[in-house]
Each structure stands twice: as structure tokens, then as C-alpha cells.
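**Q** Before anything else, here's the structure in question.
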């Protein structure tokens with residue numbers, strides 16, 4: 001397993017960095033659309049859709065929706081991001097009321113609709129942030145990675161109070177706090193490095209802490225859906241790493257909010 005993880009990371013990391021920071025405009029939109037469509041393929045499984053043809057048809061429908069966003073300028077607009085935040089408010093309600101409210105979202109159609117407000121705003125957020133030149137895109141990626149690393153080590157060392165035991169028993173409030181400390185340090189280093197004035201530095205810190213909390217929700221949502229389906233990973237597309245959604249679940253929640261709050265973006 002470790003060997004598979006290393007091999008996958010060895011080709012995946014350079015590819016992702018080259019695509020995210022070496023491309024822009026239409027090429028960047030196509031690159032990130034491919035990632036989102038792979039996530040869409042996995043989401044059809046989380047939704048309980050059976051049959052390769054049906055799943056491919058649904059992914060094709062997602063591609064059409066993305067093409068419409070591109071054609072109408074929605075890929076650079078704020079309204080898909082706001083709609084995404086409304087959807088994430090629903091996700092928060094369902095995660096915090098699992099399994100009591102499972103009946104409200106358990107049908108395949110509703111889980112597919114959930115996928116739209118998770119995946120499409122995340123794609124828009126990627127493209128909005130890339131238009132800034134990439135600095136804010138880099139920051140939100142580092143934010144999510146820092147939050148994960150901080151939560152992992154703090155949770156292992158100090159984890160006692162369970163965050164959502166019925167959704168993801170391994171996560172703790174101490175882990176969340178550790179993730180917030182890590183991203184707070186990141187925000188302060190970034191603010192100093194960018195020479196931000198005091199008010200902008202404070203706003204960045206507050207934004208960072210809010211987005212860190214929201215990124216945890218992204219992880220919990222996928223855990224809830226996988227638990228409902230009785231599966232460990234969203235797919236085996238990335239040997240040793242699970243699926244695409246397993247790698248970007250926190251990012252799908254973080255991107256819409258950060259794209260709306262990052263200074264000078266929207």
C-alpha cells in the first residue's frame with residue numbers, strides 16, 4: 001500500500017501543480033473541469049446510481065452544466081458561489097443531524113442534486129481564484145493542507161472530545177483546534193510576506209479561520225455519504241489514495257467561501 005501511495009504521488013503531484021499553476025484561461029478551466037468530472041463519476045456512486053451507462057450519462061449532464069456556466073460567464077460570477085454556500089448550509093444541517101435526518105437526502109435524486117451544489121461552485125471557485133494570478137489559489141490549497149496536517153497531529157496527540165462520532169469517529173475537536181492553529185500560523189506568515197496592512201491582515205486571519213472550519217464540513221459530508229453507502233473510498237482511481245473526492249472533499253467546501261471572502265477576488 002505504501003509503495004502504491006508513493007508511486008501515485010510521484011506522478012500526481014507534479015501533474016496537479018503544472019495544471020493548477022502552469023495553465024490559465026480556457027486551458028485551466030478544462031484541466032479543472034476534468035478533475036471535477038472525475039469527482040462527478042465518483043459522486044454517482046455515492047448517490048447509489050447503478051449501471052455504467054447511467055453513471056456516464058449523469059457525468060455528461062454535469063459536463064453540459066459546466067459548459068453552460070462557461071458560455072454564460074457564470075464561471076467568473078459570484079452567484080454560483082452564493083448558491084454553493086446555501087447548499088453547504090443544508091449539508092451542515094444534515095451532517096449534524098445524522099442519522100436522524102437521513103430520509104431527507106437519502107434518495108439518489110437528492111444525493112445527485114447535492115453533488116451539483118458541491119462540485120459546480122468548487123469549480124467556479126477554482127477559476128475565480130486563478131484569475132487573481134494564482135496567489136489566492138495557492139493560499140487556499142496551503143490552507144486546506146495545513147488544516148489537515150494540523151488536525152492529524154493534534155488529534156493523535158490530544159484527541160479526546162469526538163467531533164461527530166456517528167459520522168467520522170476518528171475526528172476530534174482537539175484536531176479541529178490543531179488545524180485552526182496551523183492555518184492561523186499560515187495566515188500570519190502570508191500576511192507578513194505579502195506586506196498586508198493591519199486591517200487586511202486581520203481580515204485574512206478571520207477569513208482563514210472561517211474557511212478552516214468549513215473545510216472540516218467538506219470532509220464530514222463525504223464521510224457521511226460513504227458511511228451511508230457502506231464504502232471506504234469514493235473510488236480506486238488513485239491507487240493507494242482512494243478516489244478524487246477523497247483528496248478534494250475539504251477543498252470543495254473551502255473554495256466557494258474563500259473565493260467570496262478573499263480580498264480583491266469578487
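Throughout, read-outs are computed from the coordinates displayed, never taken from laboratory work. Computed from a prediction, not measured in an experiment: that's the story for all the values here. So basically every Cβ, Gly included, is an ideal-geometry build from the backbone, and we count neighbours across all protein chains shown.
**Q** Could you check the spin-label model distance between residue 229 and residue 184? Points 7 Å from the Cα along Cα→Cβ, value in nm.
**A** It is 3.6 nm.
**Q** Would you please put 93-103, 164-174 in order of how densely packed they are, using the mean number of other Cβ atoms within 10 angstrom per residue and starting with the highest?
**A** 164-174, 93-103
**Q** Find how much the distance from residue 198 to residue 145 grows on full extension, using 0.36 nm per residue of separation minus their present alpha carbon separation; answer in nm with one decimal.
**A** 16.5 nm
**Q** What distance in nm lies between label points placed 7 Å from Cα along the C-beta direction at residue 157 and residue 27?
**A** Those two pseudo-labels are separated by 4.3 nm.
**Q** Could you work out how far apart the two model spin labels at residue 50 and residue 79 are, taking each label as a point 7 Å from the Cα in the direction of the beta carbon, and quote it in nm?
**A** Those two pseudo-labels are separated by 3.9 nm.
**Q** If you don't mind, another one. Using the count of nearby Cβ atoms within 10 Å as a rough guide to exposure, how do 58, 12 rank from fewest to most? Spell out each step's value before the answer.
**A** Values: 58 19, 12 14.
Starting with the residue having the fewest Cβ neighbours, the order is 12, 58.
**Q** Among (i) 56, 48, 37; (ii) 71, 38, 29; (iii) 54, 48, 40, which is the computed Cα extents along the principal axes in Å?
**A** Read-out taken from this structure: (iii).
**Q** Which Rg and Dmax, in Å, describe the Cα atoms of the stretch 30-83?
**A** Spelled out, the Cα radius of gyration and Dmax of the stretch 30-83 are 12.3, 35 Å.
**Q** Now for a different question. If you average the alpha carbon positions of the stretch 79-104 and of the stretch 110-162, how far apart do those two centres end up, in angstrom?
**A** Between the Cα centres of the stretch 79-104 and the stretch 110-162 lies a distance of 16 Å.
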